[in-house]
Amino acid sequence: MKNLRVFGRIHNARRNYSPLPVDPLLRFKTISQTQKAPRVLITGSLGQLGRGLNSVYKYMYGSECVVMSDIVRLPANATDVSDYNYLDILNQGSIEEIVVNKNIDTIVHFSALLSAVGETNVPLALQVNCRGVENILQVAAKHKLKVFIPSTIGAFGPTTPRENTPDLTVQCPTTIYGVSKVYAERLGEYFNHRFGVDFRSMRFPGIISATKPGGGTTDYAIQIFYDALQKGKHTCYLRPDTRLPMMYDTDCMASVIQLLAADSQSLKRRTYNVTGFSFTPEEIADAIRRVMPGFEIDYDICPTRQSIADSWPMSLDDSEARKDWGWNPEYGLDETVQVMFALLRREEDKPTKIVSTA
Ligand code: AKB
């Protein structure tokens, strides 16, 4: 949890974001004081978001509240992870076994193939992103669980209005990732009204965290910080004017925890847009230059990722989430740049890699 302390040093001077509180953990503490501890199973927990969420939940409710799972061996530096289990989400019986044995009441289903990697292996994307979701929802229906399955800006497509994209609009994505996430949204809503499953979802923008993702279109927005520190320069695979919505990691963790803690009655829909801020590669490079004046960026466009990015919204309307369950991001672009450098610089001084940003 040491990384959490970095947040207190950042000051938010932008409009549209709440000023960062004196106590950066306040929003997590407040929820933990009013809500009973859940028993959360995180699938795909060694990906970009799982370890951060594990750390936040443990901070809120102690080490007993999270069960971590994935299909790979735990890395040697994963001292933050306890109760780690092998779980193949394609095996419904195994999901059920862990739910029963560990007395789980909530599943956060992070296992998924992201947008760019999905295009390189469509059969696997169908398995993981569709069959996996079906299994999770069926187990949730049988054992009366609350379920969070993230969706994405990738669930929109080229015919969606690209600016200030609302919750309810055209959803005709052109990637297998997007198609599978629309399926997850619709299937979750169906299980909610047909079987009463407490399904909750959000369409995430690109998430900027110190933990690296794998195979996404927005990944450059993390790599740029590693490259800035290691080489003073980044070669970007997207055009300089490609505007995409993004969000800082801690805001992402807060959104999951807040949505899961929200009173079911207050939810007018089961899938909400959430966002932090939008920028282009050119604009993030400028923001980095404000703290690292010599930083350079050049471009070597990847046609696959560029065409995916061109089909996605440039900004999201998340007013429904703000209204219904109090969504309120705290990090803008400049705050994100500061906290990312603070985290990565501190990790550079350590013998091990970054393990948690939450
Ligand atoms: C990706 O780029 O595929 C993901 C996403 C926006 O869902 N980060």
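The values are calculated or read from the model by the stated rules, or taken from the named source; none is laboratory data. Since we're looking at a predicted model, the values are computed, not measured. Glycine also receives a Cβ, built like all others from the backbone with ideal geometry; neighbour counts cover every protein chain displayed. What goes into the accessible areas is simple: the full protein's heavy atoms, side chains included, and nothing from ligands, DNA or RNA. Shrake-Rupley method; radii C 1.70, N 1.55, O 1.52, S 1.80 Å.
Structure above, values below:
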quantity	calculated
Failed condition for SER111, given (1) buried (at least 22 other Cβ atoms within 10 Å of the Cβ); (2) away from the ligand (no atom under 16 Å from the Cβ)	(2)
Whichever residue in the range 207-217 is touching a Phe, Trp or Tyr at 6+ places or on another chain (Cβ under 9 Å) and among the hydroxyl-bearing types (Ser, Thr, Tyr) and, among such residues, is farthest from the ligand (Cβ to nearest atom)	SER209
Subset tally (residues that are touching a Cys at 6+ places or on another chain (Cβ under 7 Å) and either open to solvent by 20 Å² or more (accessible area, probe 1.4 Å) or more than 15 Å from the ligand (Cβ to nearest atom) (or both)) for the range 174-206	1
Residue satisfying all of: in the range 22-34; exposed (fewer than 14 other Cβ atoms within 10 Å of the Cβ) and either assigned to a loop (DSSP other than H, G, I, E, B) or touching a strand residue (DSSP E or B) at 6+ places or on another chain (Cβ under 8 Å) (or both); modelled with the highest pLDDT among these	ASP23
Residue check for MET247: within 16 Å of the ligand (Cβ to nearest atom), assigned to a strand (DSSP E or B), surrounded by 20 or more Cβ atoms within 10 Å (Cβ to Cβ) and of a type outside the set (Lys, Arg)	yes
Residues that are closer than 17 Å to GLY50 by Cα and in contact with a helix residue (DSSP H, G or I) (Cβ under 8 Å, 6 or more places away or on another chain), drawn from the range 96-128	ILE104, THR106, ILE107, VAL108, HIS109, PHE110, SER111, ALA112, LEU113, LEU114
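Residue by residue, here is whether (1) farther than 16 Å from LEU244 by Cβ; (2) touching a Phe, Trp or Tyr at 6+ places or on another chain (Cβ under 6 Å); (3) exposed (fewer than 14 other Cβ atoms within 10 Å of the Cβ); (4) not β-branched (Val, Ile, Thr) holds:
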| position | (1), (2), (3), (4) |
| --- | --- |
| PRO293 | yes, no, yes, yes |
| SER307 | no, no, no, yes |
| SER315 | no, no, no, yes |
| LEU333 | no, yes, no, yes |
| ASP349 | yes, no, yes, yes |
